[in-house]
1. Can you tell me the convex hull volume per residue for region 106-180, based on C-alpha atoms, in Å³ to the nearest whole number?
2. Taking Rh as the Kirkwood radius, which is the inverse of the mean 1/r over Cα pairs, what is the Rg/Rh value for region 123-238?
3. With labels modelled as points extended 7 Å from the Cα through the Cβ direction, what inter-label distance (nm, one decimal) is found for ARG282 paired with VAL118?
4. Apply 1/(1 + (r/R0)^6) to the Cβ-Cβ distance of ARG93 and GLU290, taking R0 = 25 Å, and write down the FRET efficiency to the nearest 0.05.
5. Calculate the dipole size of region 15-103 relative to its Cα centre from +1 charges on Lys and Arg beta carbons and -1 charges on Asp and Glu beta carbons; express the result in debye to the nearest 20.
6. Per Stokes-Einstein, at 37 °C and 0.692 mPa s, what whole-number D in µm² s⁻¹ belongs to region 235-307, with the Kirkwood radius over Cα pairs as the hydrodynamic radius?
7. So what's Rg/Rh here for the chain, counting alpha carbon atoms and using the Kirkwood radius for Rh?
8. Be a star and scan region 44-79 for residues whose amide nitrogen sits under 18 Å from the point 7 Å along the Cα-to-Cβ vector of ASN33.
Amino acid sequence: MNHILTGGQFADRELLEKILDKAEELENLKKKNTLPKLLDGKVVATLFFEPSTRTRLSFESASVRLGAGLISTENASANSSAFKGETIEDTVRVVEKYADIIVMRHPESGSVARGAPVSSVPIINAGDGAHEHPTQAMLDTYTIKKEMGTLENITFAFVGDLLYARTLHSFLPIISMYPGNRFYFVSPKELSMPDEYKKILTEKNISYTETTDLDEALKNSDVVYMTRVQKERFKDLPNYEKFKDMFLLKHEHLKLMKERSVIMHPLPRVNEIDPAIDADSRAGYFRQAENGLYVRMALLLYSLDII
Ligand code: NCD
């Protein structure tokens, strides 16, 4: 079995490409209505201690479509025994008796990984605080490959709250494996990409530019990845107010962008992308959300060594 805890564990081209190829195969089967029930007889537990729409429902849909049964707590902080003071380790020790895979989201960095040593079933990190969100990073990688036809020689603009953007923290170790990629980090200084993730790039001699000039980044980028300012991570609200509307992608920005480029966002969006952009073919964020289903099917199979 394989726990899925970090993006870095997929920084292995052979493994990554095996999972992306499986996701593509599953996408084609899904579209032909011929998905095999590869998880028949298995039970998947989703334990979410933080709000979620896409991540939880796409994991649940992926499980059901592959024939698994499902047990779920969607507001585990209030509705599970965590509310009574149970530790994550104890919760996992119990849930592993009921389920064959545990998908967990929790507000504390590093918390989901604490379940791994006490679990005999795979634990999948569906987001641990501002730390990591590896399954989102995998579906982002799949989306880029599909949209751009390659994972190499791409210029990225990461825009918004890079300090707390766990999806990007997991994505950097993966995408930095591929040659020729360049990065613009567009954020206020206070929300800049943490040093530990920038180090992944400097160690590989990959160039990146930290800037507040959105227009310049848009002109030069192939993938524009917008992020929500993570209100729930701010200790003081006035600071959140200061940054929350700082980078809004407006319809007039489209003319600055390359003809062949894609706009991504892990969603939910709050005020980062004007809905007037949605009709443009470069708006990839709803296609990205759809890809979550295919990639999470592949990751569920990987967690149980079925691929
Ligand atoms: C992201 C998350 O939870 O980190 N959403 C998601 O999983 N699709 C991004 C966010 O909440 O802003």
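1. Working: hull volume 7.5 nm³, N = 75.
Considering the Cα atoms of region 106-180, their hull volume per residue is 100 Å³.
2. Details: Rg = 13.7 Å, Rh = 14.5 Å.
Taking Rg over the Kirkwood Rh, I get 0.95.
3. The two pseudo-label positions are separated by 4.9 nm.
4. Numbers: r = 35 Å, r/R0 = 1.41.
The pair ARG93/GLU290 has a calculated efficiency of 0.10.
5. On the way: 13 positive and 14 negative charges, 69 e Å.
Around 340 debye, computed over region 15-103.
6. Estimated diffusion coefficient is 222 µm²/s.
7. 0.96
8. Answer for this model: 65-67.
Coordinate-derived values only; no laboratory data. Everything quoted here is computed from the prediction, not taken from an experiment. Cβ sites come from the backbone with ideal geometry, for glycine too, and all protein chains shown count toward neighbours.
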